[in-house]
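Read the structure below first, then the notes.
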C-alpha cells in the first residue's frame, strides 16, 4: 500500500509488482491505468465539487478571483479535486 505520484515510472513499477503476484493498493491518490488491486480513498472529484459549493455559499456575492494552489500536479488526487471544483 502506498501514496505515490501519477507518473509513468511509478505506473511501471506498480505493474511489475502486480505481475510478480504482489498485492498493490494505492492510498489517497490513485495511479491511473495501473494494475493495482484497489484504490483506498475518497472520491476526489466529489470533494472538489463540495469545496466549490461551500465556497459559493460563503463567499461575497459578485465577481471575484480565486487561486487554487496544489503542492504538485503529479498527484492524481490534486488534479481530480481541481477538476471537480
(message) Show the residue pairs meeting these rules: Cβ distance below 8 Å; 6+ apart or different chains; first residue within region 15-35 and at negative phi and without any contact (Cβ under 8 Å) to a residue 60 or more places away in the chain; second residue assigned to a helix (DSSP H, G or I) and surrounded by fewer than 11 Cβ atoms within 10 Å (Cβ to Cβ).
(response) 35/19
(request) Would you check which residues across region 5-35 are touching a helix residue (DSSP H, G or I) at 6+ places or on another chain (Cβ under 7 Å) and either in a strand (DSSP E or B) or farther than 15 Å from residue 80 by Cβ (or both) and list them? (result) 24, 34, 35
(request) Select from region 9-27 the residues that are surrounded by 16 or more Cβ atoms within 10 Å (Cβ to Cβ) and within 21 Å of residue 73 (Cα to Cα) and list them in ascending order. (result) 10, 11, 13, 14, 26
(request) Residue by residue through region 44-73, note down the ones that are assigned to a loop (DSSP other than H, G, I, E, B), surrounded by 10 or more Cβ atoms within 10 Å (Cβ to Cβ) and either at pLDDT 95 or above or touching a helix residue (DSSP H, G or I) at 6+ places or on another chain (Cβ under 9 Å) (or both). (result) 68, 70, 73
(message) Looking for something touching a strand residue (DSSP E or B) at 6+ places or on another chain (Cβ under 8 Å) and closer than 15 Å to residue 3 by Cα - is there at least one such residue anywhere in region 42-60?
(response) no
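The values are calculated or read from the model by the stated rules, or taken from the named source; none is laboratory data. It should be emphasised that the depicted structure is a prediction, and the values quoted were computed from it without experimental measurement. Here Cβ is always computed from backbone atoms with ideal geometry, including for glycine, and neighbour counts include all displayed protein chains.
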